[in-house]
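Notes follow once the structure below has been shown.
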Amino acid sequence: MFAKPYLVLLLPLCVHAQDVQTLELSTSEVHPLTARIANATLIQLPVEPVATNVGDPAAWLVEKSERIVSIKPTQEGARDTNLAIVTRQGTLNFSVHLAPDVEPFTQTVRVTKIMDDSRPMQSQAKETQETLADIIIREIRIAQNYYALKTANAPDLKDVEQFTEMLETGDARCACTLLQAFRFRDTRHLVLHFVTENRSQASITFDHRKTTVSLGETAFVPTAVSLGKSTLAPKSSAENFIILDGTSGLSHRQKFNIMLVESPSAPAP
């Protein structure tokens, strides 16, 4: 007797996507998105966006077409990132998470209304005194989103003097390029926006507490240092920010030398 044949069906794994989300978003909230490799998350807007800004452009691809903005990861190991979409009705902020195959991902978000509540928040901030940490965070965010804010002619830049001149220092192992220097007239702070690049074949770890800025032979201790990545993988780069006290005659047009110190645990060159 012959055994009865068995029919085996090979079915592809289902890709779980969330239903279309229809939302009214305010400019003060951060809306979460979940993305997946080889899939684009679409954001449909009520107006055409002016500009977009993603926190990690090396690992996330952002494209806009008319009233639709899409974001998708380009690397398996893409870290969570932020996405800002600038419109003439306000700036929308999203927090993007790379989901594994077993988790659902955001397929489409339809934004039906943009509520700009930044003005009420600013009036409330004037009534309560800002701490130094609040001021530093605000100034770094403005510097980080400078290009998008400038395109949208945003009022955030009304108290900012900005100077751009690419200035690179370093060697074949690691380079530091100063992109922009900002002076905030209301606080007299200087913000240095720069990029560090690991050109070697080994990881480099920096100790942000030992970061200094010099002008000629005079060294300055920063008020705050924000490193995009404390550890740089081989052939990678990161955006960084330094806050300086500008009350001692420093100008945003001066030629600063930024010194990043490697941690003792960093591998030898």
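The values are calculated or read from the model by the stated rules, or taken from the named source; none is laboratory data. Bear in mind that the values here come from a model prediction, so they are computed numbers and not experimental data. Because the Cβ atoms are built from the backbone with ideal geometry, glycine has one as well, and the counts that use them run over all protein chains shown. Accessible surface areas use protein heavy atoms only, side chains included; no ligands, DNA or RNA. Shrake-Rupley method; radii C 1.70, N 1.55, O 1.52, S 1.80 Å.
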For Ala78, the lone unmet condition from (1) open to solvent by less than 40 Å² (accessible area, probe 1.4 Å); (2) assigned to a strand (DSSP E or B) is (2)
Give the residues of the range 21-46 that are under 24 Å from Ala78 (Cα atoms) and outside any strand (DSSP E or B), sorted by residue number. Glu29, Arg36, Ile37, Ala38, Asn39, Ala40
The range 146-162, subset over 15 Å from Arg183 (Cα atoms) and within 13 Å of the chain's Cα centre (by Cα), residue most open to solvent (accessible area, probe 1.4 Å): Tyr147
If you check Leu250 against the conditions, is it under 24 Å from Asp134 (Cα atoms), open to solvent by less than 20 Å² (accessible area, probe 1.4 Å) and modelled with pLDDT under 80? yes
Which of the residues spanning the range 50-75 are farther than 26 Å from Val195 by Cα and open to solvent by less than 10 Å² (accessible area, probe 1.4 Å)? Val69
Just to verify a result, which residue in the range 81-109, among those that are part of a loop (DSSP other than H, G, I, E, B) and not acidic (Asp, Glu), is nearest to Leu25 (Cα to Cα)? Gln89
Just to be sure before I move on: is Ser200 within 15 Å of Ala238 (Cα to Cα), open to solvent by less than 40 Å² (accessible area, probe 1.4 Å) and either of a type in the set (S, T, N, Q) or free of Cβ contacts under 8 Å to residues at least 40 places away in the same chain (or both) in the structure I sent? yes
Confirm whether Ile142 is touching a Cys at 6+ places or on another chain (Cβ under 9 Å), at pLDDT 80 or above and either of a type in the set (A, V, I, L, M, F, W, C) or crowded, with 18+ Cβ neighbours inside 10 Å (or both). no
Would you please name the residue that is most open to solvent (accessible area, probe 1.4 Å), looking only at residues in the range 92-123 that are at pLDDT below 85 and among the hydroxyl-bearing types (Ser, Thr, Tyr)? Ser123
State all residues of the range 130-180 that are more than 16 Å from Ala84 (Cα to Cα), in a loop (DSSP other than H, G, I, E, B) and touching a strand residue (DSSP E or B) at 6+ places or on another chain (Cβ under 9 Å); if no residue qualifies, say none. Asp159, Arg173
Within the range 212-230, is even one residue of a type outside the set (S, T, N, Q), open to solvent by less than 30 Å² (accessible area, probe 1.4 Å), over 20 Å from Gln144 (Cα atoms) and touching a residue at least 24 places away in the same chain (Cβ under 8 Å)? no
